[in-house]
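Data first, discussion second: the structure below is written as structure tokens.
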Amino acid sequence: MGRLDGKVAIITGGTSGIGRGTVDLFLKEGAKVVAADLQDHKGEAMERELGANFSYCRTNVAHEDEVKNLVDHTVKKFGRLDVLFNNAGYGGVGGELAEIDMAGFDETVGVLLKGVVLGYKYAVPHMKKQQSGSIISTASVAGLQAGYGPLVYSACKAAVHHFSRCAAMELAPHFV
């Protein structure tokens with residue numbers, strides 16, 4: 001019997017790196033898992049490899065309609081949502097402060113921060129209804145200490161850390 005028997009999880013950025021490792025661990029522990037990513041070739045291969053307790057859903061976490069679709073897909077396929085792992089990310093726009101490309105800034109903030117906010121927005125109603133759930137968001141030491149990553153990446157990771165703490169305060173009364 002696994003520690004996650006009967007649980008359903010979404011893992012964004014789930015086709016590689018930390019996300020893929022989490023997919024494998026959660027499945028081993030008994031969860032049903034939906035991986036969200038933009039790497040279709042990897043997601044489709046994972047569907048063939050991992051079986052009926054796994055599903056891939058192409059999702060750009062910076063787009064609200066795609067995150068809503070991800071959560072709807074998960075609940076329709078597996079009947080509930082117990083865990084959301086906001087893990088999608090990348091290094092994002094770099095460069096000197098005065099030279100930051102604003103289109104790159106918007107894209108970086110969209111993936112690293114807006115994607116987390118959208119994940120909460122669409123997962124929380126299902127978790128409130130169940131009176132249970134867990135949301136995990138990948139942050140970074142770069143969000144806590146200057147000098148460990150690009151400026152915009154670091155600012156987004158700091159925001160994810162604080163947003164998660166504030167969301168926990170807001171949501172705590174619904175899960176006691």
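The values are calculated or read from the model by the stated rules, or taken from the named source; none is laboratory data. In this text, all values refer to a predicted model and were calculated from it rather than measured experimentally. Positions of Cβ are generated from backbone atoms using ideal geometry, with glycine treated the same way; all protein chains shown enter the neighbour counts.
Exactly one residue among Ser55, Ser16 is in contact with a strand residue (DSSP E or B) (Cβ under 6 Å, 6 or more places away or on another chain) and free of Cβ contacts under 8 Å to residues at least 40 places away in the same chain, and that residue is Ser55. Scan the range 46-67 and tell me whether some residue there is touching a Phe, Trp or Tyr at 6+ places or on another chain (Cβ under 9 Å), of a type in the set (Gly, Ala, Ser) and more than 30 Å from Gly149 (Cβ to Cβ). Yes. Regarding Ala35, is this residue over 17 Å from Tyr153 (Cα atoms), touching a strand residue (DSSP E or B) at 6+ places or on another chain (Cβ under 6 Å) and not in a helix (DSSP H, G or I)? Judged against the criteria, Ala35 is a match.
Determine whether the range 97-107 contains at least one residue that is farther than 28 Å from Gly149 by Cα, hydrophobic (A, V, I, L, M, F, W, C) and surrounded by 14 or more Cβ atoms within 10 Å (Cβ to Cβ).
The initial filter retains those residues of the range 97-107 that are farther than 28 Å from Gly149 by Cα, namely none.
No.
Of all the listed residues (Asp72, Asp37), the sole one being crowded, with 24+ Cβ neighbours inside 10 Å and either over 11 Å from Val8 (Cα atoms) or at pLDDT below 95 (or both) is Asp37. Working only within the range 127-176, note down all residues that are in contact (Cβ under 8 Å) with a residue 12 or more places away in the chain, surrounded by fewer than 18 Cβ atoms within 10 Å (Cβ to Cβ) and assigned to a loop (DSSP other than H, G, I, E, B). Residues satisfying the conditions are Gln131, Ser132, Leu144, Pro150, Phe175.
Applying a threshold of 6 Å to beta carbon distances and a minimum spacing of six or more residues, or different chains, the list of pairs starting in the range 106-126 at a residue that is in a helix (DSSP H, G or I) and ending at one that is surrounded by fewer than 18 Cβ atoms within 10 Å (Cβ to Cβ) and among the charged types (D, E, K, R) reads Leu118/Glu64; Tyr122/Lys68. Would you check if there is a residue in the range 98-117 being acidic (Asp, Glu) and touching a strand residue (DSSP E or B) at 6+ places or on another chain (Cβ under 8 Å)? Among the residues of the range 98-117, not one is acidic (Asp, Glu) and touching a strand residue (DSSP E or B) at 6+ places or on another chain (Cβ under 8 Å), which makes the answer no.
Matching residues to (1) among the aromatic types (Phe, Trp, Tyr); (2) more than 20 Å from Val109 (Cβ to Cβ); (3) in contact with a helix residue (DSSP H, G or I) (Cβ under 9 Å, 6 or more places away or on another chain); (4) not in a helix (DSSP H, G or I):
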{"site": "Ile10", "(1), (2), (3), (4)": "no, yes, yes, yes"}
{"site": "Asp24", "(1), (2), (3), (4)": "no, yes, yes, no"}
{"site": "Gly30", "(1), (2), (3), (4)": "no, yes, no, yes"}
{"site": "Glu47", "(1), (2), (3), (4)": "no, yes, no, no"}
{"site": "Lys68", "(1), (2), (3), (4)": "no, no, yes, no"}
{"site": "Val71", "(1), (2), (3), (4)": "no, yes, yes, no"}
{"site": "Lys76", "(1), (2), (3), (4)": "no, yes, no, no"}
{"site": "Leu81", "(1), (2), (3), (4)": "no, yes, yes, yes"}
{"site": "Leu84", "(1), (2), (3), (4)": "no, no, yes, yes"}
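Can you name every residue in the range 32-42 that is under 13 Å from Leu70 (Cα atoms) and in contact with a helix residue (DSSP H, G or I) (Cβ under 7 Å, 6 or more places away or on another chain)? The answer is Val33, Val34, Ala35, Ala36, Asp37. Every listed requirement among (1) part of a helix (DSSP H, G or I); (2) over 18 Å from Asp40 (Cβ atoms); (3) not hydroxyl-bearing (Ser, Thr, Tyr) is met by Val93 save one, (1).
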